[in-house]
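Written below as structure tokens is the structure these notes are about.
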Amino acid sequence: MFRLIQLKPPHGWNAVAWELAIVTLGVLIALAAQQWAEERTWRGKVETSKAALRDELSEHYSYAVEFRTVYPCMQAQLGQLRDRVLASGAVLDPAPIYQESNFDYVLRIPSKEYPTDAWEAAVDDGTIQRLESPVRRQLAGHYTMLALMRNMNWANNQADEGLEALTHRLPLDPTVRYSVIKEIEQMSARLEHLDVLNGQVIDYLQKASMLPPAGEARSVTERYGTYQFCKAHALPMRSFKEAMQAVPN
């Protein structure tokens with residue numbers, strides 16, 4: 001190029017201009033190709049991330065439908081325990097204990113843990129930032145709410161274990177009776193709150209256009225232990241149509 005500049009104008013300058021144009025065009029083509037390749041790689045990552053999120057959210061939806069379906073059944077079970085404590089005299093009339101393959105229980109409630117692996121992976125690798133803004137906003141609200149639900153489910157599982165004491169002939173002085181009834185009422189309030197939150201789970205997924213087929217959630221729920229227990233004992237349940245109704249956030 002320096003040799004071309006030494007030529008008499010305009011031939012030297014024209015040659016330099018052509019050389020610069022060719023080099024610039026080559027650089028622009030290389031950058032465009034690199035950008036295209038990177039964009040294609042990101043598109044592949046985003047599609048993979050979306051597929052993983054859809055699978056994860058499908059689980060969340062089936063758990064939410066299950067909870068809302070059996071919610072009246074759980075409250076009915078608590079009502080029976082409450083009535084038993086109130087109707088007993090100085091000694092508790094023991095509650096029945098139910099048995100399944102690997103565990104015994106007094107109260108049958110769902111104890112599902114909502115998985116968050118796909119969401120955490122999408123946040124870590126940055127693909128979540130490439131989702132459409134409305135979808136990202138709905139999913140962020142959904143996954144933030146799951147932390148509250150996890151804590152409430154943990155509290156319910158702890159209380160459920162404590163209720164196994166009601167299978168024994170406990171002396172029921174006023175202090176003990178009050179303590180047991182208080183525990184039952186607190187658990188009832190948590191279940192009521194969780195019922196609303198699970199309805200909001202459905203609302204978040206609906207607004208994010210991430211709802212799986214309704215029939216799939218129904219067939220899965222019908223296989224869960226709590227649903228089968230409630231059906232076997234003729235306890236009240238919501239219809240699937242009602243259970244699948246979203247609760248606005």
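The values are calculated or read from the model by the stated rules, or taken from the named source; none is laboratory data. Treat the numbers as computed from the prediction; the structure is a model and nothing was measured. Don't worry about glycine lacking a Cβ; one is built from the backbone with ideal geometry, like all the others, and counts go over all protein chains shown.
Find the residue count for segment 88-132, including only residues that are of a type in the set (K, R) and closer than 24 Å to K45 by Cβ.
1
Given the condition over 27 Å from Q77 (Cα atoms) and within 19 Å of the chain's Cα centre (by Cα), answer yes or no: does some residue in segment 224-235 qualify?
no
Mind listing whichever residues of segment 79-99 are surrounded by fewer than 18 Cβ atoms within 10 Å (Cβ to Cβ), in a helix (DSSP H, G or I) and in contact with a helix residue (DSSP H, G or I) (Cβ under 8 Å, 6 or more places away or on another chain)?
R82, R84, L86
Give the residues of segment 195-249 that are among the hydroxyl-bearing types (S, T, Y) and touching a Phe, Trp or Tyr at 6+ places or on another chain (Cβ under 7 Å), sorted by residue number.
T221
Sort through D173, D203 and tell me the only one that's among the charged types (D, E, K, R) and surrounded by 15 or more Cβ atoms within 10 Å (Cβ to Cβ).
Within the list D173, D203, the selection yields D203.
Report yes if some residue within segment 152-167 is of a type outside the set (D, E, K, R) and closer than 25 Å to A52 by Cβ; otherwise report no.
yes
Could you check segment 114-133 and list, in sequence order, the residues that are at pLDDT below 90, on the phi < 0 side of the Ramachandran plot and not in a helix (DSSP H, G or I)?
L131, E132
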